[in-house]
Amino acid sequence: QVQLVESGGGLVQPGGSLRLSCAASGGIFSIYNMAWYRQAPGKQRELVAVIPSGGSTNYADAVKGRFTISRDNAEKTVYLQMESLKHEDKTVYYCSAKRPFSVHLYWGQGTQVTVSS
């Protein structure tokens with residue numbers, strides 16, 4: 001079982017940048033497919049970016065070209081670099097982990113991103 005702890009959220013002005021981190025413990029981090037989701041109040045949780053244990057990354061259309069997901073298997077950490085932030089990016093961001101061939105997702109507690117001038 002893996003535990004996930006997000007950090008790096010905060011207040012940023014439109015056009016600004018933030019880097020979210022998700023530290024994992026337990027499990028074999030390198031085999032997990034990692035992802036970032038976000039969920040606004042009253043809305044469904046949506047996938048933002050995915051970085052598999054092997055293979056290429058994928059992004060939601062709304063963040064392509066602005067967000068970059070990466071991972072450091074030695075540090076057991078996945079990152080989400082967010083550039084050119086917009087008001088609509090304001091929400092809670094969650095890290096998730098999934099073992100290959102499993103349907104179970106592990107979740108972190110979330111980190112709030114606020115975009116405001």
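The values are calculated or read from the model by the stated rules, or taken from the named source; none is laboratory data. If you're wondering where the values come from, they're calculated on a predicted model, not measured in any experiment. Note that we place each Cβ from the backbone using ideal geometry, even for glycine, and neighbour counts take in every protein chain shown. These accessible areas exclude ligands, DNA and RNA; they are computed on the full protein's heavy atoms, side chains included. Shrake-Rupley method; radii C 1.70, N 1.55, O 1.52, S 1.80 Å.
When the chain is treated as a GNM, springs tying every alpha-carbon pair under 10 Å, which of GLN44, GLN81, GLN13 comes out with the largest mean-square fluctuation?
Comparing GLN44, GLN81, GLN13 in a Gaussian network model of the chain, the most mobile one is GLN44.
Averaging over every viewing direction, what projected area does the convex hull of the Cα atoms of the chain cover, in nm²?
That works out to 6.9 nm².
With a 1.4 Å probe and every protein chain left in place, work out the accessible area per residue of the chain in Å², rounded to a whole number.
53
Would you please give the FRET efficiency between SER117 and ILE28, computed as 1/(1 + (r/R0)^6) with r the Cβ-Cβ distance and R0 = 41 Å, to the nearest 0.05?
0.40
Within the accessible area of segment 58-117, what % is carbon and sulfur when the probe is 1.4 Å and the other protein chains stay in place?
Summing carbon and sulfur atoms, their accessible area is 48 percent of the total for segment 58-117.
Return the sequence-ordered ³J(HN,Hα) values of segment 18-34 in whole Hz as given by the Karplus equation 6.51 cos²θ - 1.76 cosθ + 1.60 applied to θ = phi - 60°, using x for Gly and Pro.
With coefficients 6.51, -1.76 and 1.60, one gets 8, 10, 8, 10, 9, 9, 10, 9, x, x, 9, 3, 5, 8, 7, 7, 10 Hz.
Using a Gaussian network for the chain with springs between C-alpha atoms less than 10 Å apart, which of these wobbles most: LEU20, LEU80, LEU105?
Its mean-square fluctuation being the largest, the pick is LEU105.
Using DSSP to call loops (not H, G, I, E or B), can you name the chymotrypsin sites (Phe, Trp or Tyr not before Pro) in segment 81-117 whose Cβ has at most 12 other Cβ atoms within 10 angstrom?
Here the sparse-neighbourhood loop sites are PHE101.
Suppose the chain between ASN73 and ASP61 were pulled fully straight at 0.36 nm per residue; how much longer would it get relative to their current alpha carbon spacing?
So the chain would gain 1.7 nm between ASN73 and ASP61.
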